[in-house]
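Chemist: Would you mind keeping the following structure in view while I ask a few things?
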Amino acid sequence: MSRPNRNEPCPCGSGKKYKQCCQFRDRAVERLLRLAGEPATGGGEAPWDAAVRAAEVWEADVVPVNIRFSDAPDASPALATVVAAGFVVHGDVVQHRPVGVAARARAVADVVQAAARIMGVLPPALHVRDAALAERLGPELAPRGIRVAAAPMPELDEAIVESLQHLLKDDPAAGRVTSPDCWAETEASPAELAGFHAAAAAFFRARPWERKDDDEPLALLYDDDLPPMVAVVMGGAGIDFGLALYSEMDDFASLQVGSEDAYEHLRRMRGWAVTASYEDRRRLSRAMQREVAGAGWEVASSDAYPMVLGLRLPEFRVTARHVRMLTRSMVAVTAALCGPAAVAELADPRVEVFGAEPRRTIWEVPAELHPIGPEGPNADPRAALRGRWAAFDPMDLDRIFRAEDARVERFAAWLETQPLSKAARRRHARNARSWSSAVAGNAATAAAATEYDLRDYLYDWFPRKSMAAKDVKKALPDSLRAFFAWLAAHEGIHYPWAPSVLDEFERVRDERDPAPDGMFWEEEVMDWRSELWDDLDARVMLPDADLPGTEDGWPGEMNGEVAELREELQRLWLVWYDEVVRAGTREPEAVRALLLARQRAWEATPHAGLDGRTPRDAVLQQEADPPAPNPLFERA
């Protein structure tokens with residue numbers, strides 16, 4: 001029988017046009033082949049029909065298909081298959097995935113009855129995927145003499161894999177990748193889904209990828225029937241953020257060293273994996289957007305809606321069990337890496353996490369934060385924020401340098417009155433001038449310097465950029481102690497945090513050179529600077545690199561406008577930090593959360609120097625018209 005024209009009445013008798021009814025199904029079914037290589041539907045007696053009719057047990061299931069059709073963009077298809085005696089008895093493509101166990105039972109019952117009509121017999125027994133499906137389907141099929149039970153179905157699984165590969169022959173990896181089109185599809189309860197979203201939001205806010213790289217796996221042990229899993233925190237590369245769970249350690253190891261081709265990785269996998277990651281709300285299905293909004297589930301931001309992806313799942317779909325596993329795992333990993341306070345009431349003691357020891361560095365990051373700004377009657381923390389944008393006078397920077405030079409001259413004159421050798425006075429003055437020039441280069445003054453500035457100067461700027469002689473470099477800590485003591489006594493500017501930072505610097509210098517000498521693109525220098533910036537971030541001294549609403553956040557290479565905004569944000573962050581800590585909040589993640597709220601508000605507020613545009617607008621404009629690549633960055 002030939003296929004009707006797309007505008008003719010559908011032969012199924014629905015009264016609709018063929019294109020509006022069965023065309024979708026028929027196109028897909030044509031690509032669904034028997035394991036024997038024959039069409040899955042058609043007339044005539046096949047050699048295996050007798051074996052199928054004599055089979056005691058049939059196996060049936062309906063699984064999602066990771067495909068879209070241009071003439072049915074709202075479809076979310078599923079593959080319904082019946083196997084008996086090692087052969088595909090019948091297969092069909094359902095235009096919309098069944099949502100909920102009742103819908104799955106209906107889809108399985110339909111495909112089994114279709115197979116029975118083809119074969120002319122009903123099976124004595126039917127095996128299905130899970131107990132919930134068997135419980136729902138059993139009473140419906142029992143009057144027809146069919147016993148239903150949940151049992152392993154290796155023959156059906158093989159048939160599904162083979163059918164999906166044929167159905168998705170343009171993308172063979174897609175057959176083993178699955179993601180729910182709506183949360184109800186997982187059959188998790190509303191409470192379980194609310195818990196999953198809360199755990200995902202806490203995970204995203206805590207940013208555990210800053211404490212564990214994606215090549216450092218964790219081991220998770222659960223106290224119930226869940227199998228041990230290998231957990232990998234995603235996000236160190238700044239691209240995809242989330243948590244991946246692998247059932248086999250070898251699969252994670254293969255991913256680290258193997259081909260980047262998705263199909264090859266899936267082909268090599270021995271087990272299965274499930275990941276929780278994040279998407280912009282607009283990239284979710286409409287059904288999923290409605291679910292989250294209607295239930296009021298917690299999300300970290302508009303571009304951090306959680307999503308689940310499964311690889312080679314034995315069930316061929318994401319289930320409530322996977323949702324529960326990811327919820328417990330995200331909570332446990334967040335608590336282990338970022339501290340119990342990061343997950344508040346969500347902590348789950350039933351999960352043990354191994355391998356969560358923090359990265360070891362030469363710095364000791366305090367568990368409780370302290371003020372990092374200047375103090376004293378002449379301290380002016382916001383001085384570094386003035387003289388910018390529309391009000392900026394090019395001569396301001398020159399005046400800042402001259403004012404700091406004059407301050408150093410006063411210090412040098414004071415040194416002449418002290419019982420020091422001429423060489424000591426020379427070293428102290430030289431180091432004071434070097435520090436003051438570095439601070440002034442940020443359009444700041446001694447009155448606005450922070451612990452961030454001192455750490456950046458000691459561990460990065462001075463070792464790489466100073467042209468001082470060895471004796472001057474060696475005297476740096478003593479010189480700055482003398483200069484800072486003079487500032488407090490004679491200039492009314494006090495740095496309470498400086499003595500401990502200088503003591504730490506001397507210890508670090510005794511253990512190793514504080515920083516390798518070289519250019520920023522050289523590997524050793526890059527490694528050192530990465531370690532330094534990790535330390536500064538752990539101390540909550542750096543603003544967030546993300547920028548909601550943009551493609552990649554704050555860019556690595558910036559035009560002049562964006563670079564000025566980024567520097568302003570850094571100085572604002574340090575001012576906000578001191579305001580929050582001096583107000584009594586000391587726990588690092590609590591401080592970070594308060595500062596992040598201020599950063600997000602600043603990014604979305606019209607800026608006086610941008611003619612009404614916001615900082616986010618400026619970054620979006622750069623994304624639309626990026627600066628020419630810097631050959632030095634290409635070299636790096």
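Chemist: Please verify whether Ala488 is touching a strand residue (DSSP E or B) at 6+ places or on another chain (Cβ under 6 Å), over 23 Å from Met467 (Cα atoms) and either modelled with pLDDT under 90 or open to solvent by less than 80 Å² (accessible area, probe 1.4 Å) (or both), treating the condition exactly as stated.
Modeler: Taking the combined requirement at face value, the residue satisfies it.
Chemist: Would you mind finding the one in Ala149, Ala72 that is at pLDDT 95 or above, of a type in the set (Gly, Ala, Ser) and surrounded by fewer than 19 Cβ atoms within 10 Å (Cβ to Cβ)?
Modeler: It is Ala149.
Chemist: Given (1) under 26 Å from Ala60 (Cβ atoms); (2) among the charged types (D, E, K, R); (3) in a loop (DSSP other than H, G, I, E, B), where does Asp303 come up short, assuming only one miss?
Modeler: (1)
Chemist: Next question, about the same structure. In region 602-629, how many residues are in contact with a helix residue (DSSP H, G or I) (Cβ under 7 Å, 6 or more places away or on another chain) and assigned to a loop (DSSP other than H, G, I, E, B)?
Modeler: 3
Chemist: Out of the residues in region 539-555 that are under 15 Å from the mean Cα position of the chain (by Cα) and among the charged types (D, E, K, R), state the one that is nearest to Trp576 (Cα to Cα).
Modeler: The residue in question is Asp544.
Chemist: Scan Ala201, Ala174 and give me the residue that is at pLDDT below 90 and open to solvent by less than 30 Å² (accessible area, probe 1.4 Å).
Modeler: After ruling out the rest, the residue left standing is Ala174.
Chemist: Further, regarding this structure: Give me the pairs: first residue in region 546-571 and part of a helix (DSSP H, G or I) and of a type in the set (D, E, K, R), second residue at pLDDT below 90 and surrounded by 19 or more Cβ atoms within 10 Å (Cβ to Cβ), beta-carbon distance under 8 Å, and six or more apart or on different chains, which are they?
Modeler: Arg571/Ala384; Arg571/Ala444
Chemist: Being open to solvent by less than 20 Å² (accessible area, probe 1.4 Å) and either modelled with pLDDT under 95 or under 19 Å from Asp157 (Cα atoms) (or both) is the filter here; which residues of region 302-321 pass it?
Modeler: Ala304, Gly310, Leu313, Phe316, Val318, Thr319
Chemist: Picking from Val501, Val562, Val525, Val540, which residue would you name as being open to solvent by less than 60 Å² (accessible area, probe 1.4 Å) and modelled with pLDDT under 85?
Modeler: Exactly one residue qualifies, and that residue is Val525.
Chemist: Among the residues of region 436-483, write down those that are open to solvent by less than 20 Å² (accessible area, probe 1.4 Å), over 42 Å from the mean Cα position of the chain (by Cα) and not small (Gly, Ala, Ser).
Modeler: Val472, Phe483
Chemist: Follow-up question, since we're still on this one. Spot the failing condition for Gln289; the list is (1) within 16 Å of the chain's Cα centre (by Cα); (2) over 17 Å from Leu220 (Cβ atoms); (3) not small (Gly, Ala, Ser), and only one is missed.
Modeler: (1)
Chemist: Starting from region 580-602, take each residue that is acidic (Asp, Glu) and list its partners that are crowded, with 18+ Cβ neighbours inside 10 Å and not in a helix (DSSP H, G or I), counting only C-beta distances under 8 angstrom and pairs at least six apart or across chains.
Modeler: Going by the 8 Å Cβ cut-off, the qualifying pairs are Glu587/Leu369.
Chemist: Can you find a residue in region 94-109 that is modelled with pLDDT under 90, closer than 19 Å to Val161 by Cα and either open to solvent by less than 10 Å² (accessible area, probe 1.4 Å) or assigned to a strand (DSSP E or B) (or both)?
Modeler: Yes - at least one qualifying residue is present in region 94-109.
Chemist: Given (1) touching a residue at least 40 places away in the same chain (Cβ under 8 Å); (2) more than 19 Å from Ala75 (Cα to Cα); (3) outside any helix (DSSP H, G or I), where does Gly91 come up short, assuming only one miss?
Modeler: Failed condition: (2).
Chemist: Kindly indicate whether Leu245 is surrounded by fewer than 17 Cβ atoms within 10 Å (Cβ to Cβ) and either within 29 Å of Glu551 (Cβ to Cβ) or modelled with pLDDT of 90 or more (or both).
Modeler: In short, no.
Chemist: Identify, from the list Glu216, Glu210, Glu185, the residue that is crowded, with 16+ Cβ neighbours inside 10 Å, modelled with pLDDT under 90 and charged (D, E, K, R).
Modeler: After applying the criteria, what remains is Glu210.
Chemist: So the check is Cβ under 9 Å with 6+ separation or different chains; which pairs have a first residue in region 346-368 that's surrounded by 15 or more Cβ atoms within 10 Å (Cβ to Cβ) and a second one that's in a loop (DSSP other than H, G, I, E, B) and at pLDDT 70 or above?
Modeler: Matching pairs, first to second residue: Val351/Asp223; Val351/Leu226; Ala356/Arg211; Ala356/Lys212; Trp363/Arg539; Val365/Arg539.
Chemist: I'd like to know if region 204-216 contains one or more residues that are without any contact (Cβ under 8 Å) to a residue 12 or more places away in the chain, within 27 Å of the chain's Cα centre (by Cα) and closer than 23 Å to Glu345 by Cα.
Modeler: No: zero hits.
Chemist: Among the residues that make up region 332-339, is at least one of them in contact (Cβ under 8 Å) with a residue 12 or more places away in the chain and surrounded by fewer than 17 Cβ atoms within 10 Å (Cβ to Cβ)?
Modeler: Yes, because at least one residue in region 332-339 is in contact (Cβ under 8 Å) with a residue 12 or more places away in the chain and surrounded by fewer than 17 Cβ atoms within 10 Å (Cβ to Cβ).
Chemist: If we scan region 115-135, do we find a residue that is in contact with a His (Cβ under 7 Å, 6 or more places away or on another chain) and crowded, with 19+ Cβ neighbours inside 10 Å?
Modeler: Looking for residues that are in contact with a His (Cβ under 7 Å, 6 or more places away or on another chain) and crowded, with 19+ Cβ neighbours inside 10 Å, one finds at least one in region 115-135, hence yes.
Chemist: Next up: Residues that are crowded, with 17+ Cβ neighbours inside 10 Å and within 20 Å of Glu504 (Cβ to Cβ): does region 395-417 have at least one?
Modeler: No, region 395-417 has no match at all.
The values are calculated or read from the model by the stated rules, or taken from the named source; none is laboratory data. These numbers come from a predicted model, not from an experiment. Cβ sites come from the backbone with ideal geometry, for glycine too, and all protein chains shown count toward neighbours. Accessible surface areas use protein heavy atoms only, side chains included; no ligands, DNA or RNA. Shrake-Rupley method; radii C 1.70, N 1.55, O 1.52, S 1.80 Å.
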